[in-house]
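All remarks here apply to the structure that follows.
The values are calculated or read from the model by the stated rules, or taken from the named source; none is laboratory data. The structure displayed is predicted, hence computed values, not measured ones. Here the Cβ positions follow ideal geometry from the backbone for every residue, glycine too, while neighbour counts run over all protein chains shown.
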Amino acid sequence: MRLFSVLLFVSFSTFAQSKQFGLLLENDLYTSSVNDKYYTNGIELFYRYLSKDTTAGTIKKIYEFRAGQHIYNPQTVKAEDPGVHDRPFAGYLFGQAQKGWFYRNESVFKLSLQGGVIGPSSLAEEFQRGIHNVFGYKPVRGWDYQVHDLIAMQLHGFYSHPIAKSNQVDLHVKANAFAGTAFTGANLSLLSRISLKPLLPIFDSALYGASVSADPKAYEQQSEFFFYIAPGIGYQVYDATIQGSMFNEDSPITWDLAPVRFIGEAGFRFRKNRWDLAYVFMYRGKEVDNWVNEGFFFGSIQAAWLID
């Protein structure tokens, strides 16, 4: 514990030239007042800092720590009858450590480790019931059939590479792969930024979390406001929130996956002075192999603050 405290202090001080704190909120109600199913809520807190270590090809190395909770429901939260559960109730509580390499050619590589828990210990049921009570939403029923507890250990890799660029439009290919005791799969997408003003290079853009800078004037000199769109395809091998633990079969309701699905996102990002804001519309194709389950969408809102 003492060693962890020392490392944390070093991370916050000695090696940090610029830092960023942020909050990410995701909910299907951010896109529709009647849409409330499947991946229904997410909340994440994150902290990033810039390393002093650079090389001829690497213009930035950024460390990130993140903690969050994701909540998953079937087609309705009023589901006393398990016969209408077209995907299980589940929650995921996790922490993440990540390192990102931002290269001068505007490619990006990130590697992250996650640890957490899926099941009642994620406190998803308590959180969702509390939110529904506070805001007067319809009561939640059906959590008695949620996926049972399992430990999540995950390794994630992300890579993005530029394909074409002009002053106001660019195109990138991005891929991420993930494996562990909770989720295993891969995604591939094409991403394009579109702006009325000249685009910042990826290693300075908020797109992949590169707003942090060693230049104290960067906050005053750099700003951006762009639209982006990223259609793609995903392949899911394993999802514990749908299939339960890979080590046992004690969860009351589980389903087989629909492994191949369309994925897409489109949104706006804005950065001015120390503020970094974003709104994104997310779509995910059918995830569960039954005749009721279907594709779904949700909104993502982020607010972050840059600190010297």
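Numbers at a glance
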{"read-out": "Qualifying residue in the range 124-140 (condition: within 30 Å of V173 (Cα to Cα) and crowded, with 19+ Cβ neighbours inside 10 Å)", "value": "no"}
{"read-out": "Test set (1) surrounded by fewer than 13 Cβ atoms within 10 Å (Cβ to Cβ); (2) of a type in the set (A, V, I, L, M); (3) within 25 Å of S166 (Cβ to Cβ) - V292 fails condition number", "value": "(3)"}
{"read-out": "Matching entry among S51, S112, S107 (being modelled with pLDDT under 95 and surrounded by fewer than 20 Cβ atoms within 10 Å (Cβ to Cβ))", "value": "S51"}
{"read-out": "Residues satisfying the stated conditions in the range 149-179, i.e. crowded, with 18+ Cβ neighbours inside 10 Å and closer than 14 Å to D239 by Cβ", "value": "L150, A152, Q154, F178"}
{"read-out": "Condition met for L199 (of a type outside the set (S, T, Y), in contact with a strand residue (DSSP E or B) (Cβ under 9 Å, 6 or more places away or on another chain) and not in a strand (DSSP E or B))", "value": "yes"}
{"read-out": "First in the range 292-308 and in contact (Cβ under 8 Å) with a residue 24 or more places away in the chain and in a loop (DSSP other than H, G, I, E, B), second anywhere and of a type outside the set (D, E, K, R) and loosely packed, with under 14 Cβ neighbours inside 10 Å, Cβ under 9 Å, 6 or more apart", "value": "V292/V84; G295/F262; D308/P216"}
{"read-out": "Per-region count, the range 237-258, residues surrounded by 20 or more Cβ atoms within 10 Å (Cβ to Cβ) and either farther than 23 Å from G83 by Cα or among the acidic types (D, E) (or both)", "value": "1"}
{"read-out": "Options I151, I194: the member that is within 19 Å of S122 (Cβ to Cβ), β-branched (V, I, T), at pLDDT 95 or above and not in a loop (DSSP other than H, G, I, E, B)", "value": "I151"}
{"read-out": "Residues that are surrounded by fewer than 18 Cβ atoms within 10 Å (Cβ to Cβ) and under 23 Å from the mean Cα position of the chain (by Cα), drawn from the range 193-231", "value": "I194, P201, F225, F227, I229, P231"}
{"read-out": "Filter result for E265 (under 16 Å from the mean Cα position of the chain (by Cα) and either within 26 Å of V292 (Cα to Cα) or without any contact (Cβ under 8 Å) to a residue 12 or more places away in the chain (or both))", "value": "yes"}
{"read-out": "Residue under evaluation F225, criteria (1) assigned to a strand (DSSP E or B); (2) touching a Gly at 6+ places or on another chain (Cβ under 9 Å); (3) not charged (D, E, K, R), criterion not met", "value": "(2)"}
{"read-out": "Set R274, R284: member being surrounded by fewer than 19 Cβ atoms within 10 Å (Cβ to Cβ), more than 20 Å from V84 (Cα to Cα) and either aliphatic (A, V, I, L, M) or modelled with pLDDT of 95 or more (or both)", "value": "R284"}
{"read-out": "Counted residues, the range 62-118 - those being in a loop (DSSP other than H, G, I, E, B) and farther than 27 Å from R48 by Cβ", "value": "12"}
{"read-out": "The range 74-104 - residue that is under 30 Å from V140 (Cβ atoms) and either aromatic (F, W, Y) or within 18 Å of the chain's Cα centre (by Cα) (or both) and, of those, surrounded by the fewest Cβ atoms within 10 Å (Cβ to Cβ)", "value": "G95"}
